[in-house]
1. Could you list, bin by bin from short to long, the percent of Cα-Cα pairs of the chain in 5 Å steps?
2. Modelled label-to-label distance, residue 87 and residue 8, 7 Å Cα→beta-carbon offset: nm?
3. Determine, for 87, 62, the number of other Cβ atoms within 10 Å of each Cβ, and report the residues in order from fewest to most.
4. How would you rank 48, 97, going from fewest to most other Cβ atoms within 10 Å of each one's own Cβ?
5. How long are the semi-axes of the equivalent ellipsoid of segment 37-89, defined as square roots of 5 times the Cα gyration tensor eigenvalues? Whole Å, largest first.
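No lab work stands behind these numbers, since they all come straight from the coordinates. None of the values given here were measured: they were computed from a predicted structure. Neighbour counts run over all protein chains shown; Cβ positions are idealised from the backbone, glycine included.
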């Protein structure tokens with residue numbers, strides 16, 4: 001089952017992750033996360049078999065979305081994004097709201 005949150009993309013290209021998501025997915029401060037594009041959304045996973053994927057460090061409850069992924073998905077600063085997560089699949093899905 002997915003849970004839905006809304007977040008704005010900051011000028012720095014970061015998006016904040018709700019504490020509930022951090023706890024449910026057991027994401028730790030300083031942990032590397034993998035990111036990839038799937039259609040018009042960005043998928044964030046804790047571990048992925050493909051080591052060539054973009055990676056970011058989870059810091060202060062925020063994730064920096066790489067500029068190339070933001071350009072491919074059309075995400076711009078200040079844009080309202082829908083953040084879905086699923087504990088069973090251990091991934092976060094981010095897409096434009098609306």
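1. 3, 14, 27, 29, 20, 7, 0
2. Inter-label distance under the simple model: 3.1 nm.
3. Details: 87 14, 62 17.
The most exposed by this proxy come first: 87, 62.
4. Details: 48 16, 97 13.
Result, fewest neighbours first: 97, 48.
5. Working: eigenvalues 65, 40, 34 Å².
Equivalent ellipsoid of segment 37-89: 18, 14, 13 Å, largest first.
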